[in-house]
Amino acid sequence: MLQFKLVLLGDSSVGKSSIVHRFVKDSFDEFRESTIGAAFLSQTIKLENEPDVTIKFEIWDTAGQERYKSLAPMYYRNANAALVVYDVTQADSLAKARSWVEELKSKVSDKDLVICLVGNKVDLCEDGSEPKAVEKEDAESYAAEHGLLFHEVSAKSGSGVSAVFQQIGSKLYAQK
Ligand code: GDP
């Protein structure tokens, strides 16, 4: 079994904890309390394209609040992968995600760090309750320019969440 450390970064309330919860417990809880500082969880997957390969993710979910920002380097320093999350209904949250990507690129020397840009809450646009503030094509081309993986997901419906971890797992396995 291969083990990799993965960190979640992004503005507060974009849905980082909900994505982890969906991935680890396959459920969604609208009223879960927000993360203070950081939370640790782990989850094991089998790669769909390499069924003999099992990967254990050690997941560090960091709090997005400004007052915890100085703690983030402690979590991303030895990370193998980072999920940088924004909310597709909040344009500001993509700007924040981009600043996290820049920080990772400037502070993490590991050239193999896998970064995945994740646009969450697509369910709100699909059911018409919120307009889409970030176009998929814009986020996708930013990701391509910077060598990032990219997915749109919904922690609420579960759409796209397992694909994020499958793709990160495959990339980590391929470059091991
Ligand atoms: P975090 O601060 O980034 O960890 O965000 P949370 O996971 O605590 O989520 C913030 C709020 O957004 C909560 O009220 C969640 O219920 C809600 N939320 C998270 N993900 C989704 C999603 O995919 N769809 C919808 N509709 N709401 C979501």
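With one equal scatterer per alpha carbon and no solvent term, the Debye-computed log10 I(q)/I(0) for the stretch 1-48 at 0.13, 0.23 1/Å reads -0.34, -0.97. Tell me, how many Å apart are the Cα centres for the stretch 147-169 and for the stretch 1-43? Each part reduced to its Cα centre gives a spacing of 13 Å. For Thr54, nonlocal amide neighbours, meaning residues 5 or more places apart or on other chains whose placed amide H falls under 5 Å from its own, are Leu2.
Under Stokes-Einstein, with the Kirkwood radius over Cα pairs standing in for Rh, what whole-number D in µm²/s applies to the stretch 80-129 at 10 °C and 1.306 mPa s?
Working: Rh = 11.9 Å.
Rounded to a whole number, D works out at 134 µm²/s.
Measuring r between the beta carbons of Ser12 and Lys56 and using R0 = 22 Å, the FRET efficiency lands at 0.20. Backbone geometry of the stretch 43-50 corresponds, through the Karplus equation with coefficients 6.51, -1.76 and 1.60 at θ = phi - 60°, to 3J(HN,Hα) couplings of 8, 10, 10, 9, 6, 5, 8, 9 Hz, x marking Gly and Pro. Only Lys, Arg, Asp and Glu carry charge here, each on its Cβ (+1 for the first two, -1 for the last two); on that basis the chain has a dipole of about 740 debye about its Cα centre.
For the chain, adding -39500 (n - 2.57) for each run of n ≥ 4 DSSP H residues and dividing by the number of residues yields -10000 deg cm²/dmol at 222 nm. The residue list Ala163, Tyr76, Ala63 was ranked by how far each Cα lies along the charge dipole of the chain toward its positive end, using unit charges on Cβ atoms, and Tyr76 comes out on top.
Taking the DSSP bridge list for the stretch 1-153 and keeping only pairs wholly inside it, about 30 percent are antiparallel. Between the residues Val114, Ala91, Ala133, the greatest Cα displacement towards the positive end of the dipole of the stretch 65-158, with unit charges on the Cβ of Lys, Arg, Asp and Glu, is found for Val114.
Output the peptides 101-113, 15-27 sorted from most to least packed, where packing is the average of other Cβ atoms within 10 Å over each peptide's residues.
Working: 101-113: 13.1, 15-27: 20.5.
Top to bottom by mean Cβ count within 10 Å: 15-27, 101-113.
The slack between Gln3 and Lys136, meaning 0.36 nm per residue of separation minus the straight C-alpha distance, is 44.8 nm.
Close amide-amide hydrogen proximity is noted between Ser13 and Gly64, each under 5 Å apart and 5 or more residues distant or on a separate chain (H modeled in the peptide plane; Pro and chain starts excluded).
Readers should treat all values here as calculations from the given coordinates under stated rules, not as data from a laboratory. Predicted, not measured: the structure shown is a model, and the values here were computed from it. Cβ: placed from backbone, ideal geometry, glycine included. Neighbour counts: every protein chain shown.
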